[in-house]
Amino acid sequence: MAATLIRGAAAPRFGHDGVEVTGYAAPSRGSATVSAWRLRLAPGAASPWHQLSHDEAFIALRGEALVELGGEPLRLREGDGLSVPPDTPFRISNPGPQPFEAIACMAAGGTARLADGVPFVPPWAA
């Protein structure tokens, strides 16, 4: 199998309400087993409450975020790593004045569920 190079300028972008996701590794982009993306939260932005079928790992690159999961608020700061277990409702927000950026990944084929409970493959991970 050949390597796949995804240039930053060509990587697909998704988002709304101050949440931006840039897709890199995914089955549709040549990665059979790993999905990886860059997450950017503008000040005041937050993801919806959701849960995933697989572990999701974050590595914070810039800024600070608040991660709410299992009733335990966690501060994720530049240089920190966080693994969220599967089937754990959580959300990540940026209450601070600076943008927050992280790299996130999970096993390819993983699904997400929002409050409505209908599973879907996030488009940046497909």
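List of remarks:
- Evaluating 6.51 cos²θ - 1.76 cosθ + 1.60 at θ = phi - 60° for every residue in the stretch 103-109, the Karplus couplings come out as 9, 10, 7, 7, 5, 4, x Hz, glycine and proline recorded as x.
- Computed magnitude of the charge dipole of the chain (debye, nearest 20; Cβ of K, R +1, Cβ of D, E -1): 440
- Looking at the stretch 29-84, the GluC sites (Glu not before Pro) that sit in a DSSP loop and have at most 15 other Cβ atoms within 10 Å of their own Cβ are E78.
- Amide H partners (placed H, <5 Å) of E56, local residues excluded: V84
- Derived scalar couplings between HN and Hα for the stretch 42-49 equal 5, x, x, 7, 8, 6, x, 4 Hz in order, rounded to whole Hz, by the Karplus curve 6.51 cos²θ - 1.76 cosθ + 1.60 (θ = phi - 60°), x for Gly and Pro.
- Of the residues F58, V21, G44, the one whose Cα sits farthest toward the positive end of the charge dipole of the stretch 12-95, with +1 on the Cβ of Lys and Arg and -1 on the Cβ of Asp and Glu, is V21.
FYI, it's all coordinate maths here, none of it is from the lab. Values in this document were obtained by computation on a predicted structure and should not be read as measured data. With ideal geometry, Cβ positions are generated from the backbone for all residues, glycine too; neighbour counts draw on all protein chains shown.
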